[in-house]
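Colleague: Structure provided below as structure tokens; questions to follow.
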Amino acid sequence: MKSSSRREFAKSALLTGTVGALNPLRVIGANERINVALIGCGDRGTAIWKKFLLNQDVNPVAVCDVYEKFLTRAAATAPGLKTFRDFRQVIERKDIDAVVIATPDHWHAIPTILACNSMKDVYVEKPLSLTVAEGRQMLSAARQHGRVVQTGSQQRSGPHYQKAIRIIQDGVIGPVHKISAGFTRNAMPGFKPVELGAEKPADLDWEMWLGPAPYVPYDPFRCIYHFRWFWNYSGGQMTNWGAHNLDIARWLLKAKGPRAVTSFGGRYELKDGGQTPDVQEIIYQFDDCLVTWSGREVNRLRDEYLVFHGTKGSLSIMRDGYTVSPEIWRGLKNRNTIPEMEAMEEKGDPRQMEDLHIRNFLDCVKSRQRPNADIEDGHLTATMCHLGNIATRLGRTLRWDTEKEQFIGDREANSLLTYRYRKPWDRYQPGD
Ligand SMILES: NC(=O)c1ccc[n+]([C@@H]2O[C@H](COP(=O)([O-])OP(=O)(O)OC[C@H]3O[C@@H](n4cnc5c(N)ncnc54)[C@H](O)[C@@H]3O)[C@@H](O)[C@H]2O)c1
């Protein structure tokens, strides 16, 4: 790009509400390659990294992990990759334009914020944050530095999700005042560590894996994959799957968040040492719509994923497609039994959706547009999930101020919107 057209582009980006100030270090032209690094080379990180590599305009530069075995595996995905054990060294590098962050949830905030401060764009896995305070700080860093930050809620790039939202917004199933979301499966008799043994492997930096979380001695169950079942690192299936299904509900509602939330649940049956609920019911109150979350880890019966209930029909959607079932009036005098609308069906392709989501990020790195799952949506959806978990842990109804991002009149609930980072990471404490 010539310098005059770069100036024009920068000016129009600011005027048209695109991401904002351009990276003063580098503007990447349409035909140029983007220098990318991966932080967190577990199952998810490696899987999406391989998809990044399928894009001709991705120049893979570095991979980083605190577990040498996974780092070595990731280093073999492309020739000449540099390897790092400390993500700060990746972020310091001037030859990297964008980072992909697929660490456990308690390690999303600090790398994202430092990457934004270093004028790098970020693809960060869902759920965006471990706490509401973290998400707010991540969003502020992205906006302050004009960074493109895509949250890994890939449904936002799924053509059948986009079409479903359009159909509902066009009124095809009638007004929607109830959305049922959830995730159910039968994980009995519980989980056990698969990757790691009782003795800490010499090639795992446990101290760095824990990072800002409270110190505990090495525990193989808390680490690879199963971090999901511990409050210090994640939020169970509520944040794991809520970051997907509740994200779509909030997308339709175009709302920042609920006005109130109530919930009950617990880890009643699974005795594997995890902490997050195995049965959880949550009700969110939006202005004119109730959103419910049903989580079950101990009984599946049928998949309870995501259903939009309209007055004329219901749209049920998952990654492999959606179906629309018409309402048929029954048992009411003066009403006919003709369906209120046509039944409909559309197939979806989960793999294509991920490819499109990554492509959308790369395109936005060049165009400076906001990506499909912009960090603000990632933050608001993760917040909705955190609110559900806080209500479950307290076992009561909470009222929420979406502007202040605070519970109304509940100090105990507000204290759960953040946690104290451990040294030396306390310098990044949100709100300090
Ligand atoms: N979008 C999706 O559909 C989807 C699917 C699966 C997982 N995820 C998300 O991806 C993330 C990772 O999940 P996973 O199942 O791959 O977990 P995992 O435990 O298999 O992998 C995490 C990796 O991060 C590494 N790590 C930990 N701390 C680190 C640090 N400070 N610096 C560098 N590396 C560090 C770990 O050693 C591990 O290799 C989670 O946030 C999860 O929610 C998203």
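The values are calculated or read from the model by the stated rules, or taken from the named source; none is laboratory data. The shown structure was predicted, so the numbers you read here are calculated from the model rather than taken from an experiment. Here Cβ is always computed from backbone atoms with ideal geometry, including for glycine, and neighbour counts include all displayed protein chains. Heavy atoms of the whole protein, side chains included, go into the accessibility calculation; ligands, DNA and RNA do not. Shrake-Rupley method; radii C 1.70, N 1.55, O 1.52, S 1.80 Å.
Colleague: Sequence neighbours fewer than 8 away in the same chain don't count; with that in mind, list the aspartates and glutamates whose C-alpha is under 18 Å from Lys120.
Modeller: By straight Cα distance, Lys120 reaches Glu32, Asp57, Asp86, Glu92, Asp95, Asp97, Asp363, Asp374, Glu376.
Colleague: In whole percent, what relative contact order does the range 194-288 give with Cα contacts below 8 Å and a gap of six or more residues?
Modeller: 21 percent
Colleague: Continuing with the same structure: Please list, in chain and number order, the residues 5+ apart from Met341 or on another chain whose amide H is under 5 Å from its amide H, with Hs placed from the backbone.
Modeller: Excluding prolines and chain starts, which carry no amide H, the hits are Glu327.
Colleague: Let me ask something else. Please report the carbon-and-sulfur percent of the accessible area for the range 363-432; probe 1.4 Å, protein heavy atoms only, DNA, RNA and ligands left out.
Modeller: Solvent-exposed carbon and sulfur of the range 363-432 make up 44 percent of the total.
Colleague: Let me ask you something else. Greater than 27 Å separation of Cα atoms is the criterion. Which listed pairs, Lys50/Lys178; Lys51/Lys254; Lys312/Lys404; Lys178/Lys347, meet it?
Modeller: From Lys50/Lys178; Lys51/Lys254; Lys312/Lys404; Lys178/Lys347, over 27 Å: Lys50/Lys178; Lys51/Lys254; Lys312/Lys404.
Colleague: Sticking with this structure for a sec: How big is the charge dipole of the range 243-286 about its Cα centre, in debye rounded to the nearest 20, if each Lys and Arg gets +1 on its Cβ and each Asp and Glu gets -1 on its Cβ?
Modeller: That gives a dipole near 340 debye.
Colleague: For the range 240-275, which trypsin sites (Lys or Arg not before Pro) are in a loop by DSSP, counting at most 12 other Cβ atoms within 10 Å?
Modeller: Of the trypsin sites (Lys or Arg not before Pro), the ones in loops of the range 240-275 whose Cβ has at most 12 other Cβ atoms within 10 Å are Lys254, Lys271.
Colleague: If you don't mind, there's one more thing I want to ask. Let me make sure I get this right: for the range 69-145, a, b and c are the square roots of the gyration tensor eigenvalues over alpha carbons, sorted descending. Under 1.5 in a/c it's rounded, otherwise prolate if a/b > b/c, else oblate. Which is it?
Modeller: Oblate, since a/c reaches 1.5 and b/c is not below a/b.
Colleague: Another one. Could you tell me which of Ala181, Phe84, Leu362 has its Cα farthest along the dipole of the chain towards the positive end, charges placed at Cβ (Lys, Arg +1; Asp, Glu -1), taken about the Cα centre?
Modeller: Leu362
Colleague: If you count, for each residue, the other Cβ atoms within 10 Å and average over each peptide, how do 174-183, 275-284 line up from highest to lowest?
Modeller: Ranking the peptides 174-183, 275-284 by packing returns 275-284, 174-183.
Colleague: Calculated from DSSP H runs of 4 or more alone, at -39500 (n - 2.57) each and per residue, what is the 222 nm mean residue ellipticity of the chain, nearest 500?
Modeller: Mean residue ellipticity, 222 nm, calculated: -9500 deg cm²/dmol.
Colleague: Where the only charges are on Cβ atoms (+1 Lys, Arg; -1 Asp, Glu), what is the dipole of the chain about its Cα centre, to the nearest 20 debye?
Modeller: My answer is approximately 620 debye.
Colleague: On the accessible surface of the range 228-275, probed at 1.4 Å, how many percent belong to carbon and sulfur atoms?
Modeller: 50 percent
Colleague: Students often check this: by mean Cβ neighbours within 10 Å, which of 380-392, 29-41 ranks highest, and how do the rest follow?
Modeller: 380-392, 29-41
Colleague: Moving on to the next point. Projected onto the charge dipole of the range 253-364 (+1 at Lys/Arg Cβ, -1 at Asp/Glu Cβ, origin at the Cα centre), which of Gly348, Phe264, Gly295 gives the Cα projection farthest towards the positive end?
Modeller: Phe264
Colleague: Please report, in cubic angstrom per residue, the volume enclosed by the convex hull of the alpha-carbon atoms of the range 245-369.
Modeller: Hull volume normalised by residue count: 206 Å³.
Colleague: Report the accessible area of Glu304, computed with a 1.4 Å probe over the heavy atoms of all protein chains in place, in Å² rounded to the nearest 10.
Modeller: Its heavy atoms expose roughly 40 Å² to the probe.
Colleague: Scan the range 178-270 for GluC sites (Glu not before Pro) in coil per DSSP, keeping those whose Cβ has at most 11 other Cβ atoms within 10 Å, and list them by number.
Modeller: Hits after loop and neighbour filter: Glu199.
Colleague: Magnitude of the Cβ-charge dipole of the range 38-90, K/R +1 and D/E -1, about the Cα centre, nearest 20 debye?
Modeller: So the dipole magnitude of the range 38-90 works out to roughly 60 debye.
Colleague: With every protein chain present, what is the per residue accessible area of the chain (1.4 Å probe, Å²)?
Modeller: 44 Å²
Colleague: Cross-link candidates for Lys192: which lysines have Cα within less than 19 Å, leaving aside residues fewer than 8 places away along the same chain?
Modeller: Straight-line reach from Lys192, under 19 Å: Lys200, Lys271.
Colleague: Could you work out how far the C-alpha centroid of the range 110-188 sits from that of the range 344-398, in angstrom?
Modeller: A separation of 2 Å, based on Cα centres.
Colleague: Let me ask another. Check Leu81: other-chain or 5+ apart residues with amide H under 5 Å from its amide H, H built from backbone geometry?
Modeller: Under 5 Å from the amide H of Leu81: no residue qualifies.
Colleague: Give the whole-number value, in cubic angstrom per residue, of the convex hull volume spanned by the C-alpha atoms of the range 311-432.
Modeller: Cα-based convex hull of the range 311-432, divided per residue, equals 242 Å³.
Colleague: With a cut-off of at most 11 other beta carbons within 10 Å, and DSSP calling the residue loop, which trypsin sites (Lys or Arg not before Pro) in the range 328-432 qualify? Please list them.
Modeller: Passing sites in the range 328-432 are Arg330, Lys333, Arg335, Lys404, Arg420.
Colleague: Something else: Place +1 on the Cβ of every Lys and Arg and -1 on the Cβ of every Asp and Glu in the chain, take the dipole about the Cα centre, and give the residue among Trp206, Ser325, Val100 whose Cα lies farthest towards its positive end.
Modeller: Sorting the options by dipole projection puts first Val100.
Colleague: Express the carbon and sulfur contribution to the solvent-accessible surface of the range 87-180 as a percent, rounded to the nearest whole number, probe 1.4 angstrom.
Modeller: That fraction is 49 percent.
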